[in-house]
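Note sheet for the following structure.
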Amino acid sequence: MGPEVDGENRILVRKKCQEEEGLEKYEKEVFSEDRDVEDEDTKNEARKAWKIGFQLKLDCSEEQKTIEQLRREIRGIRGKGKMGCMKEFIRNFCLWFFGMVETKSSIISVSCVNKMWGQGDFGWDKIDVTGSAGCILCVWDTEAFAESDRLKVSRCICVCGKLKQLGMDLAIMVVYGDHSVVGRRNLWKELVDVKNSCGMPCIVIRDFNEVLNTEEWNSGRGSAVGMSEFKQWIQDMNLVDLPLNGRKSTWRRGSQASHLDRICVDPSWIQNFSKSTIEAIKCSRSDHVPLCLKVDYTDWRPKPFKPLDIWFSHPSFMPMIEKE
């Protein structure tokens, strides 16, 4: 039986236990996954400051913000979990272009990209977005794609260049749609201007944060105005929304799921690569499903003319045919 503890000491013991429980809680919630060496000093300093502040009853909100930032990075590209997932994705599919949104960290270095890409020479760029999403990141194989220009707007990076193997001019846009209807409306206008500026066929990829119809949102909560404007934008851009075979959603959180991510291509891409398909890749490190555009390069040859169904949905198509 241990020594008796008086009332004052019992309070001190209780405070000590609360402190240890608090530190243990943050240790489990925030630092449960392995961290890169470059984050160790920041992590330890934040924990020390939090502990001292707890003992002195000081405001440790800044240290808690640091901990929350590290917590986001664990889930993001600088965390070993998602980094490993992206490395495997790039390696398994021999990608020549990679686009990512919601990196959860805006601090991305060449060494970080090199660690993720892991194959030959590459070009890369990023653009920060507001909030905790981090940035939009794109990486490309310079042996396969010769970059000629880059255009940036608030939530998009557009890389213009030429596919060397095919001698094909191509602009690739990596998009992260705004979370509001008004924000997306402004983004759609910016993207039309970007396409007009680059003056070449476009592929637009990633997270649009919008659906085309209520069937793509399992709760049926999509905005009618937002969906209508999204459809009109696809027509204004003269894009074809490639079907996602084998599944209905690309994003899931709890019981909610929707088709937020997609790949839209120029009609000339379909004419040249009629066997293009989209494959959804399983990734446990994200609530979004990575998409891979798979192309059969042996199908690259002149094609006979054939109309696309989407042309007939454009209000100017039939009047133009009748005029001609």
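Read the figures in this text as sums done on the coordinates, not as results from a lab. Source: prediction; values computed, not measured. Neighbour counts run over all protein chains shown; Cβ positions are idealised from the backbone, glycine included.
Using a cut-off of 11 Å between beta-carbons, work out the net charge of the residues near Asn238 (Lys and Arg +1, Asp and Glu -1, Asn238 not included). If you can, show how the numbers build up before the last one.
Working: positive: Lys195; negative: Asp236, Asp266.
Net charge in that neighbourhood comes out at -1.
Once you have the Cα-Cα distance between Cys292 and Asp193, take 0.36 nm times their residue separation minus that, and quote the gain in nm to one decimal. Show your work: numbers first, answer last.
On the way: separation 99, 0.36 × 99 = 35.64 nm, distance 2.63 nm.
The Cys292-Asp193 span can extend by a further 33.0 nm.
Shape call for segment 165-213 from the C-alpha gyration tensor, a ≥ b ≥ c root eigenvalues: rounded (a/c under 1.5), prolate (a/b greater than b/c) or oblate? All intermediate terms of the calculation are to be shown ahead of the outcome.
Details: a/c = 3.23, a/b = 1.89, b/c = 1.71.
It comes out prolate by the Cα gyration axes.
For an R0 of 35 angstrom, estimate the FRET efficiency from the Cβ-Cβ distance between Met168 and Lys248 and round to the nearest 0.05.
Details: r = 32 Å, r/R0 = 0.90.
After rounding, the FRET efficiency stands at 0.65.
Would you please classify the overall shape of segment 80-320 from the alpha carbon gyration tensor, given that a ≥ b ≥ c denote the square roots of the eigenvalues, rounded means a/c under 1.5, and beyond that prolate means a/b larger than b/c while oblate covers the rest? Walk me through the numbers on the way to the answer.
On the way: a/c = 1.44, a/b = 1.09, b/c = 1.32.
Rounded shape, in that the Cα axes give a/c under 1.5.
Can you tell me how much longer the chain between Glu322 and Glu215 gets when fully stretched, taken as 0.36 nm per residue apart minus their C-alpha distance, in nm with one decimal?
Numbers: separation 107, 0.36 × 107 = 38.52 nm, distance 3.49 nm.
Result for the pair: 35.0 nm of gain on full extension.
Counting Lys +1, Arg +1, Asp -1, Glu -1, what net charge surrounds Glu279 among other residues with beta carbon under 14 Å of its beta carbon? Let's see the in-between values first.
Values: positive: Arg247, Arg262, Lys275, Lys282, Lys294; negative: Asp261, Asp296.
So the surrounding residues net to +3.
Sorted by average packing, counted as other Cβ atoms within 10 angstrom per residue and highest first, what order do 167-175, 315-323, 239-247 take? The partial results should precede the final answer.
On the way: 167-175: 19.8, 315-323: 9.4, 239-247: 15.0.
Going from most to least packed, we get 167-175, 239-247, 315-323.
Quick one: of Lys195/Lys231; Lys195/Lys294; Lys195/Lys282; Lys115/Lys282, which pairs are farther than 27 Å apart, Cα to Cα? List each step's numbers first, then the result.
Working: Lys195/Lys231 17 Å; Lys195/Lys294 23 Å; Lys195/Lys282 31 Å; Lys115/Lys282 21 Å.
Violating the 27 Å limit, Cα to Cα: Lys195/Lys282.
Where a ≥ b ≥ c are the square roots of the eigenvalues of the C-alpha gyration tensor, would you call segment 110-206 rounded, which needs a/c under 1.5, or, failing that, prolate if a/b is larger than b/c, or oblate? Please report the intermediate quantities before stating the final value.
Values: a/c = 2.87, a/b = 1.26, b/c = 2.27.
Note, shape of segment 110-206 comes out oblate.
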